[in-house]
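Take a look at the structure set out below.
The values are calculated or read from the model by the stated rules, or taken from the named source; none is laboratory data. Since the structure is predicted, the reported quantities are computational estimates derived from the model, not experimental observations. Positions of Cβ are backbone-derived with ideal geometry, glycine not excepted, and every protein chain shown enters the neighbour counts.
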Amino acid sequence: MAQDLTQALAERVRAAYLAGTPLAIVGGGSKPWLGRPVVGEVLDVSDHRGIVHYEPTELVLTAHAGTPLAEIEAALAERNQCLAFEPPHFATPLPRGEGPGERVKRAATLGGTVGCNLSGPARPYAGACRDFVLGVRIVNGKGEVLRFGGEVMKNVAGYDLARLMAGAQGTLGVLLEVSLKVLPRPAAELTLALEMDAATAVARFNAWAGQPLPITATCHDGERAHVRLAGAEAAVRAARQKLGGEVLAEGAAFWSSVREQRHPFFARPGSLWRLSLPPAAPVDLSLSQCIDWGGAQRWVWSDAPLWEAARHAGGHATHWRAGRGEVFQPLTPALLALHRRLKQAFDPKGILNPGRLYPEL
Amino acid sequence: MSASGTTPAVHARRNELVRGLLDILPADSVLYEPEDLRPYECDGLSAYRQLPMVVALPSTVDEVQAVLRLCHRLEVPVVARGAGTGLSGGALPLTDGLLLSLAKLKSILAIDPVARTARVEPGVRNLAISEAARSYGLYYAPDPSSQIACTIGGNVAENAGGVHCLKYGLTVHNVLKLEVVTVEGERLTLGSDALDAPGYDLLALMTGSEGLLAVVVEVTVRLLPIPERAQVLLAAFDDVTKAGAAVGDILAAGILPAGLEMMDNPAIRAAEAFVHAGYPVEAAAILLVELDGSNEEVSEQVMRVRELLLASGATEVRTAQDEAERQRLWKGRKAAFPAVGRLAPDYYCMDGTIPRRRLPEVLARIERLSREYGLPVVNVFHAGDGNLHPLILYDVNQPGALERTEALGRRILDLCVEVGGTITGEHGVGVEKLAGMCTQFTPAELTQMHAVKAAFDAQGLLNPGKAVPSLHRCAEFGAMHVHGGALPFPDLPRF
């Protein structure tokens with residue numbers, strides 16, 4: 001069954017390659033806005049679903065790319081494990097934005113999550129989605145089914161083309177199957193809220209990250225600082241004494257609201273920017289912002305483009321739910337040229353999600 | 001293969017290259033006399049040796065760029081080299097090529113204790129980063145056993161691991177930003193000081209690319225806080241299957257040890273005889289379990305792991321009472337290779353990774369193969385992440401022993417691939433495992449890798465003939481041979 005689907009997808013891509021037909025790859029359709037619009041024949045991969053293999057004692061899970069993220073997380077939770085990078089689902093209708101998905105509940109898939117390299121609040125402490133990718137099976141732009149990486153933690157045979165797929169948004173290959181490293185869920189978890197301004201919070205987040213503390217998330221939501229402690233019971237208890245603050249009863253709900261952007265900060269009209277910055281970059285207190293990832297991810301409402309500001313601060317910007325125009329930070333000419341050659345290497349006719357990342361890819 | 005066998009054409013080419021290099025570099029940074037080339041004839045895989053045509057030792061990024069521009073113009077192949085401790089021949093020179101040593105680029109440029117990063121030149125030794133960061137309570141996590149000598153540039157090229165990979169990841173998980181120079185001499189920044197960068201993940205692609213895509217001239221790594229405490233347990237088993245199952249039980253119980261190592265009986269005996277670590281020599285297998293974290297966390301987990309090990313059938317569980325005992329227990333493991341080197345004139349080291357659940361089957365089949373070929377095999381295993389190092393013992397002076405060893409090695413690598421694993425977990429492909437690449441990947445997959453290479457280096461001038469075999473080379477095979485225990489760096493702990 002799965003093999004038939006793989007074959008069918010590969011044949012679709014092969015035919016598109018021969019005809020030069022652009023393809024718009026769709027999984028759960030939960031984040032069409034996280035990229036430039038793609039004009040092409042829809043290639044729906046959502047039927048290619050199901051967990052292929054999950055071995056809790058090996059900390060590895062392999063699933064078809066169309067598998068809903070929720071299904072994977074449920075299977076892991078049953079064995080007290082998790083995706084440590086805490087991917088957002090962006091599944092429920094968001095308070096604002098364009099796109100046809102607003103009123104329909106759409107389910108994030110494994111393929112879309114890896115394709116977008118999406119990670120949640122734990123990212124600076126546990127690693128990003130790409131850090132957990134062990135292997136992939138893809139169809140390249142010529143319709144060839146290829147496998148890179150595998151189901152083992154250590155693997156240096158050949159180029160790391162599996163990890164390269166994370167964040168490539170399907171422009172280098174259609175994801176068919178992904179193997180991920182999974183981790184045990186922490187035994188204990190606790191969220192502290194502390195009264196301080198954003199600049200103080202960022203300084204504090206960075207200082208804490210330099211100490212052996214069991215911190216797995218930090219966020220200043222514009223009002224207060226929040227810190228999540230997780231790990232062995234005794235370690236969480238000891239760290240709580242050290243950090244002070246007030247224990248938040250609804251800690252899990254807070255982190256989920258930040259991850260899924262259901263937090264009140266995100267409920268307003270305007271233009272939202274994601275700034276990915278060095279974690280200790282100075283904080284402009286005049287901005288309305290939500291600072292996540294220990295200072296490294298900053299959400300800012302701004303009608304003016306922030307490309308230059310982000311670059312100046314040593315990072316880059318993403319225009320979130322842009323609707324039109326560029327979504328991702330422009331690349332330098334030399335890097336763009338290299339990107340084009342890489343795109344060419346995987347997708348010589350430029351049929352896979354053309355223009356999704358950049359007009360030239 | 002020596003320089004004396006060069007043809008007039010090669011000679012003329014060498015003169016042209018040397019002249020060009022002397023316009024760029026001081027005279028003492030360009031080597032071309034055979035006696036000066038000798039130290040560069042091999043890396044840690046000493047079975048493969050050949051002299052490079054010329055060695056260049058630039059000391060600035062500008063010089064690296066100028067050297068690459070020159071080589072690109074003259075179409076001279078370039079092999080980059082760090083400390084030369086690699087184990088797969090990745091830095092093996094080419095007789096018609098330039099050996100580009102990055103050894104003079106060895107400054108720690110900046111340590112940022114607030115953002116927890118270190119910006120260093122590629123020739124900085126792995127351990128030197130942790131030493132420089134120590135006063136801030138920080139360290140660089142990946143710790144290949146050769147860390148006192150190997151350089152960070154080489155670590156990036158090989159995606160080096162270590163014994164703490166399961167919890168702290170490989171090089172790719174601990175590098176934030178790279179400055180690289182392309183074959184055309186152009187400088188590029190990959191990654192950033194933030195946690196991600198726009199576009200394709202070229203940082204991941206570069207890491208582990210074995211010098212085939214670009215030359216790394218600067219590395220920004222992330223630093224972690226030094227754990228408050230580390231504690232090690234030793235468990236003995238009368239059966240390797242039980243030891244393997246115990247590893248699974250620990251992980252399934254939600255504990256992520258910093259280190260999880262297994263040795264089989266021959267490895268235990270060899271190590272004990274060599275360094276007197278206090279290992280139980282009657283055991284069929286031992287596990288070393290290192291736990292780190294806060295004081296409270298480690299105390300709690302030591303108790304739980306102890307119970308789990310006993311429940312899994314350990315015949316004995318020992319907890320290191322102090323730092324000295326912890327060091328001693330690790331010493332046996334780290335000395336396992338030189339210890340095995342005392343058992344036979346030669347040994348040949350494999351570096352496969354397997355899904356751990358297949359361990360009992362793989363060990364049983366290795367034992368059968370060992371009997372079939374009449375060659376003893378000793379197994380050392382990074383059990384946490386499935387990286388298996390079988391060591392085949394042989395004597396190169398016995399007729400046919402070398403060929404039998406290579407054949408057995410091939411069978412073991414094929415077995416690793418067959419059970420869903422890989423031919424190399426941490427040593428890289430280099431020149432050594434080109435044939436294994438043909439087992440592990442289909443022609444279409446290898447062709448895709450060549451296309452990626454061409455996107456960076458259309459003429460194939462960077463480290464040609466390594467890492468990814470051309471389709472017509474898919475029948476060749478090499479191996480790591482250690483004669484009389486004589487590795488190029490005999491004092492280095494390995495693996």
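For B:Pro376, work out the one condition from (1) more than 18 Å from A:Lys181 (Cβ to Cβ); (2) within 14 Å of chain A (Cβ to nearest Cβ); (3) out of contact with any His (no Cβ under 7 Å at 6 or more places or on another chain); (4) not polar (S, T, N, Q) it doesn't fulfil. Only one criterion is unmet by B:Pro376, namely (2).
When the range A:15-48 is filtered for residues that are of a type outside the set (Val, Ile, Thr) and surrounded by fewer than 16 Cβ atoms within 10 Å (Cβ to Cβ), the ones remaining, listed by number, are A:Ala15, A:Leu18, A:Ala19, A:Gly20, A:Pro37, A:Glu41, A:Asp44, A:Asp47. Of all residues in the range B:235-265, those satisfying the criterion of being assigned to a loop (DSSP other than H, G, I, E, B) and either touching a residue at least 60 places away in the same chain (Cβ under 8 Å) or of a type in the set (Ser, Thr, Tyr) (or both) are B:Asp238, B:Asp239, B:Leu256, B:Pro257, B:Ala258.
If you check B:Val289 against the conditions, is it closer than 23 Å to B:Gly162 by Cα and within 14 Å of another protein chain (Cβ to nearest Cβ)? Here the answer is no, as B:Val289 does not meet what is asked. Evaluating B:Gly161 against the criteria (1) more than 10 Å from every other protein chain (Cβ to nearest Cβ); (2) surrounded by 24 or more Cβ atoms within 10 Å (Cβ to Cβ) leaves one unmet condition, (1). Residues that are within 14 Å of chain B (Cβ to nearest Cβ) and crowded, with 19+ Cβ neighbours inside 10 Å within the range A:214-233 comprise A:Pro214, A:Ile215, A:Thr216, A:Ala217, A:Thr218, A:Leu229, A:Ala230, A:Gly231, A:Ala232, listed in sequence order. Checking each residue in the range A:21-79 for being within 14 Å of another protein chain (Cβ to nearest Cβ), touching a helix residue (DSSP H, G or I) at 6+ places or on another chain (Cβ under 7 Å) and of a type in the set (A, V, I, L, M) picks out A:Leu34, A:Leu59, A:Leu61. Return only the number of the condition from (1) surrounded by fewer than 24 Cβ atoms within 10 Å (Cβ to Cβ); (2) touching an Asp or Glu at 6+ places or on another chain (Cβ under 7 Å); (3) within 11 Å of another protein chain (Cβ to nearest Cβ); (4) not aromatic (Phe, Trp, Tyr) that B:Ala204 does not satisfy. All conditions are met except number (1).
Yes or no: the range B:440-448 includes at least one residue that is of a type in the set (Ser, Thr, Tyr) and either within 8 Å of another protein chain (Cβ to nearest Cβ) or within 18 Å of B:Gly86 (Cα to Cα) (or both). Show your work before the answer.
Step one: list which residues in the range B:440-448 are of a type in the set (Ser, Thr, Tyr), which gives B:442, B:447.
Now drop any that are not either within 8 Å of another protein chain (Cβ to nearest Cβ) or within 18 Å of B:Gly86 (Cα to Cα) (or both), which leaves B:442.
Within the range B:440-448 (the criterion being of a type in the set (Ser, Thr, Tyr) and either within 8 Å of another protein chain (Cβ to nearest Cβ) or within 18 Å of B:Gly86 (Cα to Cα) (or both)), the answer is yes, since at least one residue qualifies.
Out of B:Val221, B:Val156, which single residue is under 24 Å from B:Arg69 (Cα atoms), more than 11 Å from chain A (Cβ to nearest Cβ) and crowded, with 23+ Cβ neighbours inside 10 Å?
Working: B:Val221 fails: under 24 Å from B:Arg69 (Cα atoms).
The unique qualifying residue is B:Val156.
Note on the range B:351-400: residues that are buried (at least 24 other Cβ atoms within 10 Å of the Cβ) and in a loop (DSSP other than H, G, I, E, B) total 6. The listed residues are B:Arg134, B:Arg119, B:Arg125, and the only one of them that is surrounded by fewer than 24 Cβ atoms within 10 Å (Cβ to Cβ) and away from chain A (no Cβ under 14 Å) turns out to be B:Arg125. Checking the conditions here, which among B:Leu388, B:Leu359 is within 13 Å of another protein chain (Cβ to nearest Cβ), touching a Phe, Trp or Tyr at 6+ places or on another chain (Cβ under 6 Å) and closer than 30 Å to A:Leu161 by Cβ? It is B:Leu388.
Within the range A:135-145, track down each residue that is buried (at least 24 other Cβ atoms within 10 Å of the Cβ) and facing chain B (nearest Cβ under 7 Å).
Within the range A:135-145, the subset buried (at least 24 other Cβ atoms within 10 Å of the Cβ) is A:136, A:138-141.
Result: A:Asn140, single match.
For the range A:163-207, a residue qualifies if it is among the hydrophobic types (A, V, I, L, M, F, W, C), outside any strand (DSSP E or B) and either more than 9 Å from every other protein chain (Cβ to nearest Cβ) or touching a Cys at 6+ places or on another chain (Cβ under 7 Å) (or both), and the qualifying residues are A:Ala166, A:Val182, A:Met196, A:Ala198, A:Ala199, A:Ala201, A:Val202, A:Phe205. Looking at the range B:292-302, which of the residues that are small (Gly, Ala, Ser) and surrounded by 22 or more Cβ atoms within 10 Å (Cβ to Cβ) is nearest to the other protein chains (Cβ to nearest Cβ)? Filtering first and then ranking leaves B:Ser294.
Is it true that some residue in the range A:171-183 is of a type in the set (Lys, Arg) and surrounded by fewer than 21 Cβ atoms within 10 Å (Cβ to Cβ)? Explain how you work it out, then say what you get.
Applying the first criterion (of a type in the set (Lys, Arg)) to the range A:171-183 yields A:181.
So of that shortlist, the ones also surrounded by fewer than 21 Cβ atoms within 10 Å (Cβ to Cβ) come out as none.
So far as the range A:171-183 goes, no, none of its residues is of a type in the set (Lys, Arg) and surrounded by fewer than 21 Cβ atoms within 10 Å (Cβ to Cβ).
Of note, B:Ala149 satisfies the criterion of being within 15 Å of the chain's Cα centre (by Cα), touching a residue at least 60 places away in the same chain (Cβ under 8 Å), over 20 Å from A:Pro279 (Cα atoms) and surrounded by fewer than 24 Cβ atoms within 10 Å (Cβ to Cβ).
Which ones in the range B:273-282 are part of a helix (DSSP H, G or I) and buried (at least 18 other Cβ atoms within 10 Å of the Cβ)?
So in the range B:273-282, the residues part of a helix (DSSP H, G or I) come out as B:273-275.
Listed by number, the residues that qualify are B:Phe274, B:Val275.
When B:Val482 is tested against (1) at pLDDT below 50; (2) touching a helix residue (DSSP H, G or I) at 6+ places or on another chain (Cβ under 7 Å); (3) of a type outside the set (Phe, Trp, Tyr); (4) assigned to a loop (DSSP other than H, G, I, E, B), exactly one condition is not met: (4).
Which of the residues belonging to the range B:283-301 are of a type in the set (Val, Ile, Thr) and either at pLDDT below 95 or part of a loop (DSSP other than H, G, I, E, B) (or both)? I'd like the intermediate steps shown before the answer.
If we filter the range B:283-301 for residues that are of a type in the set (Val, Ile, Thr), which is where we start, we get B:286, B:289, B:298.
Correct list: B:Val298 only.
So, B:Asp346, is that one surrounded by fewer than 24 Cβ atoms within 10 Å (Cβ to Cβ), within 24 Å of B:Leu434 (Cβ to Cβ) and within 14 Å of chain A (Cβ to nearest Cβ) or not? When the stated conditions are applied, B:Asp346 does not pass them. Within the option set B:Val172, B:Val232, B:Val216, being aliphatic (A, V, I, L, M), closer than 24 Å to B:Leu388 by Cα and either without any contact (Cβ under 8 Å) to a residue 24 or more places away in the chain or away from chain A (no Cβ under 12 Å) (or both) holds for one residue only, B:Val232. Taken as a whole, the range B:26-33 holds at least one residue that is over 29 Å from B:Glu426 (Cβ atoms), in contact with a strand residue (DSSP E or B) (Cβ under 9 Å, 6 or more places away or on another chain), at pLDDT 95 or above and not hydrophobic (A, V, I, L, M, F, W, C).
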